[in-house]
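These notes concern the structure reproduced below.
The values are calculated or read from the model by the stated rules, or taken from the named source; none is laboratory data. Nothing here was measured: the structure is a model prediction, and the numbers come from that model. Virtual Cβ from ideal backbone geometry, glycine too; neighbours counted across all protein chains shown.
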Amino acid sequence: MGKKKSVALIVLATLVLAALLFISVTPSFYVSAAEKFNSLLSIVDLGTDLGGGYYTVYYPEGVISQGEYEMLVAEYEEGQAADTDVEDPAQNYLAYKGIYLSKDICEDDGNGNPTGEEFEAFRAEFRRAFNAISARFESKGFIGCSVKVQDDYTIRVDIPYTDESVSKLFDSFAYSGTLLFTDDGANPNEMRGDAAHVKGAEVVEGTNGFAVAINLTSLGRSEFRTITAAISGGSDSSSSSSSSGGTLYIKVGDEVLTQASVSSELDQDVVYISGAFDSRDAAQTIASVINSTLDENKVFDMKLDASQIFTFEPTMGEHASVIIAAAFGVFILAMIVLMLVRYKGMGLAHVYGFLLYALLLIVCIALIPAMRVDIVGVIAIALSAALMVFFNVYAFNNIREEFATGKTLTASVKAGYKKSLAFTIDAHLVLALLGLVLYLISTATVRYAALIFLIGTVLSAACTLAVTRFFLYMFLAQPKNKIAFCNLRREETEDE
């Protein structure tokens with residue numbers, strides 16, 4: 001490679017790395033009073049352990065919090081003082097752990113414990129509700145999401161921060177009842193949304209945004225054709241819809257989950273509901289609720305209230321993400337210094353290759369939809385970074401060994417990389433396959449950590465085998481004493 005061409009490529013590579021560095025890790029700042037620049041690193045979604053999030057508690061009908069009970073007590077005391085007829089809440093509620101159970105759903109066994117046939121039915125219904133809520137949140141793939149029973153008969157849910165409407169998400173996942181496709185008219189045209197009619201729902205991306213694809217069974221297709229014909233005004237004169245079309249409502253119990261305009265009869269195996277979703281997350285919420293209603297063990301009639309939504313700090317500490325980022329920065333800086341001191345020019349090629357690897361990894365993590373990073377993801381990043389450092393060091397040491405045998409520098413570089421090739425490819429291939437398998441068979445935290453490791457391994461292989469080697473040849477075109485530039489020594493040296 002000629003010196004002029006080398007200089008041009010070095011300048012170009014430096015400018016590209018500088019641009020990537022700027023858009024990836026520059027602290028956020030305001031471009032104007034209304035516009036703010038956010039780096040890619042600042043928009044990476046974090047799990048609850050590093051970024052905090054939202055939580056709510058679902059209270060079944062007939063169960064109230066201590067705060068609500070105290071409000072009822074206050075109203076009762078005010079009523080007593082004003083000599084008005086207000087019921088004593090102690091007569092209507094049974095204190096149980098941190099909650100109060102309505103005596104409409106339970107009896108007191110005399111020791112302050114709930115009992116009775118109605119209470120047993122309530123417990124069975126609560127278990128189904130908990131199973132449904134758990135399935136819905138699990139299908140969202142939130143990292144660090146927690147769904148657990150609290151005080152035996154309430155459900156606490158913790159999720160990471162999200163751009164989706166949190167109140168709508170919590171409300172939608174509380175919908176109870178069976179799935180129904182209907183025009184909601186006085187004499188409604190309806191199709192029950194159970195496993196006999198619907199196979200499942202999934203999110204698809206089209207030219208106009210995201211849609212929910214509902215896969216129908218043969219029976220479902222036939223009935224869906226009938227109701228859409230009626231809604232569009234094509235067959236049923238008793239339909240409340242006009243000939244110009246109507247609206248199909250997808251309901252869970254009494255709640256409208258989503259709706260779509262119908263202008264003609266639809267006879268197809270897959271129905272696409274679109275136009276109402278501004279993001280993949282919003283569409284996934286609808287698909288998650290639909291899928292949960294197809295399992296009869298997750299269909300419940302219990303009303304759940306999640307009127308209060310709170311935020312919480314990262315479980316690993318308020319500044320956990322900053323500390324981890326600072327630690328990465330210190331280790332990277334130390335690695336750069338060590339590589340430059342030990343390998344000089346070869347170390348410089350590694351630094352350029354490593355920076356490209358790191359910045360591309362940030363780009364991937366920031367731009368892949370729904371990707372989140374938690375502490376397991378951080379470990380995956382560290383492992384893939386260590387992988388690249390190790391194999392570059394492995395190649396450089398092989399170059400040194402080849403040079404020590406008396407070969408020229410050019411021959412040593414070629415022989416060293418050739419000697420490293422098989423092991424480097426095999427190791428990256430095995431680790432990439434491991435990451436792929438984990439991604440396919442796991443969920444939530446492990447799934448995204450596996451994806452991060454898979455991407456990091458692919459980038460490591462590319463930057464180790466091609467990018468770093470290219471940078472090395474590019475830098476070797478400049479110095480007069482190339483051997484000293486690469487910090488190579490042997491007993492008998494020669495000018496090259």
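Of everything listed in (1) surrounded by fewer than 16 Cβ atoms within 10 Å (Cβ to Cβ); (2) hydrophobic (A, V, I, L, M, F, W, C); (3) closer than 20 Å to Asn291 by Cβ, the single unmet condition for Leu179 is (1). For the stretch 189-212, filtering for residues that are in a strand (DSSP E or B) and farther than 20 Å from Ala283 by Cβ leaves 3.
Criterion first (outside any helix (DSSP H, G or I) and either modelled with pLDDT under 95 or farther than 22 Å from Gly416 by Cβ (or both)) does Arg447 satisfy it?
Numbers: outside any helix (DSSP H, G or I): no; either modelled with pLDDT under 95 or farther than 22 Å from Gly416 by Cβ (or both): yes.
Considered against the rule, which asks whether it is outside any helix (DSSP H, G or I) and either modelled with pLDDT under 95 or farther than 22 Å from Gly416 by Cβ (or both), Arg447 comes out as no.
The one condition from (1) free of Cβ contacts under 8 Å to residues at least 12 places away in the same chain; (2) loosely packed, with under 12 Cβ neighbours inside 10 Å that Ser28 does not meet is (1). Screening Ala186 with (1) modelled with pLDDT of 90 or more; (2) assigned to a loop (DSSP other than H, G, I, E, B) gives one miss only, at (1).
Does at least one position in the stretch 201-210 carry a residue that is within 28 Å of the chain's Cα centre (by Cα), without any contact (Cβ under 8 Å) to a residue 12 or more places away in the chain and assigned by TED's automatic domain parsing to the domain that holds Ser65? First the steps, then the outcome.
Just the residues of the stretch 201-210 that are within 28 Å of the chain's Cα centre (by Cα), to begin with: 201-210.
Still in the list and also without any contact (Cβ under 8 Å) to a residue 12 or more places away in the chain: 207.
Retained after the next criterion (residues that are assigned by TED's automatic domain parsing to the domain that holds Ser65): 207.
Checked the stretch 201-210: at least one residue is within 28 Å of the chain's Cα centre (by Cα), without any contact (Cβ under 8 Å) to a residue 12 or more places away in the chain and assigned by TED's automatic domain parsing to the domain that holds Ser65.
Only one of these is at pLDDT 90 or above, exposed (fewer than 13 other Cβ atoms within 10 Å of the Cβ) and small (Gly, Ala, Ser): Gly329, Gly253. Name it. Unique residue meeting the criteria: Gly329.
Kindly indicate whether Ile324 is within 26 Å of the chain's Cα centre (by Cα) and either assigned to a helix (DSSP H, G or I) or not assigned by TED's automatic domain parsing to the domain that holds Leu451 (or both). It would help to see each step written out before you state the result.
Values: within 26 Å of the chain's Cα centre (by Cα): yes; either assigned to a helix (DSSP H, G or I) or not assigned by TED's automatic domain parsing to the domain that holds Leu451 (or both): yes.
Yes; evaluated as a whole, the condition is true for this residue.
Taken together, the criteria place Gly98 among residues that are surrounded by 11 or more Cβ atoms within 10 Å (Cβ to Cβ) and either aromatic (Phe, Trp, Tyr) or without any contact (Cβ under 8 Å) to a residue 60 or more places away in the chain (or both).
Across the stretch 76-125, the number of residues qualifying as under 17 Å from Glu61 (Cα atoms) and aliphatic (A, V, I, L, M) comes to 7.
Put simply, of Asp269, Asp281, Asp305 the only residue that is charged (D, E, K, R) and surrounded by fewer than 15 Cβ atoms within 10 Å (Cβ to Cβ) is Asp269.
Considering only the stretch 55-65, I want to know if a residue exists there that is within 38 Å of the chain's Cα centre (by Cα), closer than 30 Å to Phe328 by Cβ and modelled with pLDDT of 90 or more. Don't jump to the end; show me each part of the working.
First, the residues of the stretch 55-65 that are within 38 Å of the chain's Cα centre (by Cα): 55-65.
Now narrow it down to the ones that are closer than 30 Å to Phe328 by Cβ: 55.
Narrowing further to those that are modelled with pLDDT of 90 or more: 55.
Yes; the residues of the stretch 55-65 include at least one that is within 38 Å of the chain's Cα centre (by Cα), closer than 30 Å to Phe328 by Cβ and modelled with pLDDT of 90 or more.
Yes or no, residue by residue, for (1) closer than 30 Å to Leu488 by Cα; (2) in a helix (DSSP H, G or I); (3) out of contact with any Ser or Thr (no Cβ under 9 Å at 6 or more places or on another chain); (4) of a type in the set (Gly, Ala, Ser):
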position	(1), (2), (3), (4)
Ala276	no, no, no, yes
Ala283	no, yes, no, yes
Val289	no, yes, no, no
Phe331	yes, yes, yes, no
Leu338	yes, yes, yes, no
Gly347	yes, yes, yes, yes
Tyr352	yes, yes, no, no
Tyr357	yes, yes, no, no
Ile362	no, yes, no, no
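Here are some residues: Ser218, Ser239, Ser222. Which one is more than 30 Å from Ile368 (Cα to Cα) and at pLDDT below 90?
The match here is Ser239.
Consider the stretch 383-426. How many of its residues are farther than 20 Å from Ser460 by Cβ, in contact (Cβ under 8 Å) with a residue 24 or more places away in the chain, among the small types (Gly, Ala, Ser) and surrounded by 15 or more Cβ atoms within 10 Å (Cβ to Cβ)? Count: 1. Considering each residue of the stretch 39-60 in turn, none proves to be exposed (fewer than 14 other Cβ atoms within 10 Å of the Cβ), assigned by TED's automatic domain parsing to the domain that holds Val86 and under 30 Å from Asp152 (Cβ atoms).
Return the residues of the stretch 327-350 that are over 35 Å from the mean Cα position of the chain (by Cα) and over 15 Å from Phe475 (Cβ atoms); say none if nothing qualifies. Within the stretch 327-350, Val337, Leu338, Val341, Arg342 meet the criteria. Residues in the stretch 108-139 that are exposed (fewer than 13 other Cβ atoms within 10 Å of the Cβ), part of a loop (DSSP other than H, G, I, E, B) and either of a type outside the set (S, T, N, Q) or touching a residue at least 40 places away in the same chain (Cβ under 8 Å) (or both): 3 in all.
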